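Working notes, structure below.
The values are calculated or read from the model by the stated rules, or taken from the named source; none is laboratory data. No experiment lies behind these values; they were computed from the predicted model shown. Cβ: placed from backbone, ideal geometry, glycine included. Neighbour counts: every protein chain shown. To get the accessible areas, we keep the full protein, side chains included, count just its heavy atoms, and leave off ligands, DNA and RNA. Shrake-Rupley method; radii C 1.70, N 1.55, O 1.52, S 1.80 Å.
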Amino acid sequence: MERDIISDYEQTWDSFAVQMKNKKLVIFGTGIAGSVFFMRYPDISIALVIDNSKKKQGHYLRDFLFGYANQDSGNQEIKSFDEIKGLGADECIVLVTAWASYSDMMRQLRENGFYCCFSLKLMETDNPTITGETVQGYPRYLKEMYSARCREMELNPRKLVVTDMGHYSGHGKAITEQLLKIRRDIEIVWVLDDLSADTPKEVRKVWTESLQYHEEMASAGYWLIGSNIWLTDIKRPGQTYIHMKHWASVTLKTFGFDFYEFRGIESGLEVTRHDCESIDYLIVGSRFDEDTCRRGYHYDGPVFYAGSPRSDILFEPDKYKDKICRQYKIEDTRKLLLYAPTFRGGTGKEYIYDSCSVIPDFTKIKKILEQGGDEWVVLLRLHPIVAQKSQGIPRDDFVIDVSAYEDSEELVAACDMLISDYSSIMFEPAFVHKPVFLYAPDKAEYINHERKLLIDYDTLPFDIAENDEELCRMMYEFRQQEYDNRLDAFFEKHGVHEDGHAGERAANYISELMKGDG
């Protein structure tokens, strides 16, 4: 069969047209890049559309193209890869429309006996207008073309689009729920990676990867963003971008320009520059937060001191401890220790993610903690970037993997104690004076090479252990009053004053910004 493979040299539109005669056409991979094909063949018939993404399966091809396919093609439901196995390999020609991952998908096809395969990207190599530079895995030309079309849409000054790392959580969640209490005349749209997320009924959900995302961004009078906008999200005259960050009132690690310059990641600098130049208002939580944001974002515009909206729930812990215990079938008399480390991404110019390799000895820790008379359960919360690769980590029965839990803040509210390393989650349980310990056996490597810090690590108000013996000793010798004194001094130095009402303040501020339009 090897002789039947279409070589890279033969990946041309002419060759495709010859091979397509009397064959069933299968589209593999969906997304904006596929629009290039339908520019050429708007009326073509398709036998099957498949995609490896389970989130796309069950949607329709029209949800990912901008209008070039005919109605029959656009209404094709996206199926899983396994569906192609029901077709005869000799009867099919497969077009891989994905841009960044086309080689892996071509290999997947060949491994399953499908050799008459063409790559849209390879066929378009002689068209520099189309190929050109890519943006987040797609040809820049295509996204800019679509963004230009969206910018012709009418602006809705009563629409607020919210996105916070693709999840319904964080500051955006807290602000949204407070906004809904005081404004019923505005439309709130959330951009999510998973549309099954549990949101208030008044919130309209939009999938991150859909074309509807671009339409909502282009037509909304206001953006409330917790991460960054895409390079092709061009703020129009009359639109207002409110940035809210995704950390609390104080953060440990550098971000924005400070981070990408430290690592030398040029693509990150481009995205950061575009994002920061678009910001109109910045919501911060402390003096330290303002100072670091102005430096990290090269920002000199207005700021609003709200505090940390996502941390408000820490002031009502019983509600969330009951919720977590019910979900994971934990006796409500047990104490909860949350282990929430950050990810490790290497030291080069690009992140290389691997499974979590820094795990303390929970058996020893449990033995120390239970000397106080309580029974303890460990909640293992790994960073989303590495959680999937870390599912095989050996763990005892008293260690429960909660990495898939949508809202990490609810876990912080539920826990009685936290162990972390370099994650800024460390500060949040400390807002309500819960014990926090840092486990950092790779401290020198991380600080000197992987991630530059904004605060001298050794001046943090938490006990820092570099091995299991130190960690257990520090837990055994822990004194709450001494810890409280250290926290008070640290937060006063950095201008942090949390009271559980940050979401209200932020919502009122946004409501005032929208007042003239609402």
task = Could you check how many residues of the range 286-301 are outside any helix (DSSP H, G or I), over 15 Å from Glu498 (Cα atoms) and in contact with a Phe, Trp or Tyr (Cβ under 8 Å, 6 or more places away or on another chain)?
result = 2
query = So which residues in the range 160-191 are open to solvent by 10 Å² or more (accessible area, probe 1.4 Å), under 21 Å from Phe304 (Cα atoms) and not in a loop (DSSP other than H, G, I, E, B), if there are any at all?
reply = Thr163, Gly170, Lys173, Ala174, Glu177, Gln178, Leu180, Lys181, Ile182
query = Can you pull out the helices (runs of 4 or more DSSP H) entirely within the range 383-492 that have at least 2 residues that are under 25 Å from Asp198 (Cβ atoms)?
reply = 384-387, 408-414, 427-431
request  = Select from the range 192-209 the residues that are buried (at least 17 other Cβ atoms within 10 Å of the Cβ) and of a type outside the set (Val, Ile, Thr) and list them in ascending order.
outcome  = Leu192, Ala197, Trp207, Glu209
query = Is it the case that Asp458 is more than 22 Å from Gly170 (Cα to Cα), under 30 Å from the mean Cα position of the chain (by Cα), open to solvent by 30 Å² or more (accessible area, probe 1.4 Å) and without any contact (Cβ under 8 Å) to a residue 40 or more places away in the chain?
reply = yes
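Among Asp442, Asp463, Asp484, which is the only one that is open to solvent by 10 Å² or more (accessible area, probe 1.4 Å) and either closer than 30 Å to Glu187 by Cβ or touching a His at 6+ places or on another chain (Cβ under 7 Å) (or both)? Give the derivation first.
Details: Asp442 fails: either closer than 30 Å to Glu187 by Cβ or touching a His at 6+ places or on another chain (Cβ under 7 Å) (or both); Asp463 fails: either closer than 30 Å to Glu187 by Cβ or touching a His at 6+ places or on another chain (Cβ under 7 Å) (or both).
None of the others qualify; the one that does is Asp484.
Take Ala507 and decide whether it is touching a Cys at 6+ places or on another chain (Cβ under 9 Å) and of a type in the set (A, V, I, L, M). Talk me through it step by step, then tell me what you get.
Numbers: touching a Cys at 6+ places or on another chain (Cβ under 9 Å): no; of a type in the set (A, V, I, L, M): yes.
It is false that Ala507 is touching a Cys at 6+ places or on another chain (Cβ under 9 Å) and of a type in the set (A, V, I, L, M).
Regarding the range 302-324, can at least one residue be identified that is of a type in the set (Lys, Arg), more than 20 Å from Gly500 (Cβ to Cβ) and modelled with pLDDT under 95? Steps first, please.
Within the range 302-324, the first condition is being of a type in the set (Lys, Arg), and the residues that meet it are 310, 319, 321, 323.
From what is left, the residues that are more than 20 Å from Gly500 (Cβ to Cβ) are none.
Within the range 302-324, not a single residue is of a type in the set (Lys, Arg), more than 20 Å from Gly500 (Cβ to Cβ) and modelled with pLDDT under 95.
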inquiry  = Quick check on the range 1-48: of everything there that is farther than 21 Å from Ala69 by Cα and open to solvent by less than 50 Å² (accessible area, probe 1.4 Å), which residue is modelled with the highest pLDDT?
reply    = Ser15
ask   = Going by the structure shown, is Arg149 at pLDDT below 90 and either under 20 Å from Met39 (Cα atoms) or of a type in the set (D, E, K, R) (or both)?
value = yes
ask   = Considering only the range 49-99, how many residues are open to solvent by 20 Å² or more (accessible area, probe 1.4 Å), in a strand (DSSP E or B) and at pLDDT 90 or above?
value = 2
message = within 28 Å of the chain's Cα centre (by Cα), more than 29 Å from Leu195 (Cα to Cα) and among the small types (Gly, Ala, Ser): is that true of Ser80 in this structure?
response = no
ask   = When the range 292-318 is examined, which residues are found to be in contact (Cβ under 8 Å) with a residue 24 or more places away in the chain, over 26 Å from Gly238 (Cα atoms) and open to solvent by 70 Å² or more (accessible area, probe 1.4 Å)?
value = Arg295, Phe315, Glu316
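Residues to consider are Asp280, Asp275, Asp289, Asp258; find the one that is modelled with pLDDT of 90 or more, surrounded by fewer than 19 Cβ atoms within 10 Å (Cβ to Cβ) and among the acidic types (Asp, Glu).
Details: Asp275 fails: surrounded by fewer than 19 Cβ atoms within 10 Å (Cβ to Cβ); Asp289 fails: surrounded by fewer than 19 Cβ atoms within 10 Å (Cβ to Cβ); Asp258 fails: modelled with pLDDT of 90 or more.
On inspection, the qualifying residue turns out to be Asp280.
Of the residues that sit in the range 493-518 and are assigned to a helix (DSSP H, G or I) and within 14 Å of Phe427 (Cβ to Cβ), which one is least open to solvent (accessible area, probe 1.4 Å)?
Here is the first cut: in the range 493-518, the ones assigned to a helix (DSSP H, G or I) are 493, 502-513.
Subsequent filtering for residues that are within 14 Å of Phe427 (Cβ to Cβ) retains 493, 502.
Details: Lys493: 150, Ala502: 0 Å².
So the residue we want is Ala502.
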note = The condition from (1) open to solvent by less than 10 Å² (accessible area, probe 1.4 Å); (2) over 23 Å from Gly268 (Cα atoms); (3) at pLDDT below 90 that Asn127 misses is numbered (1)
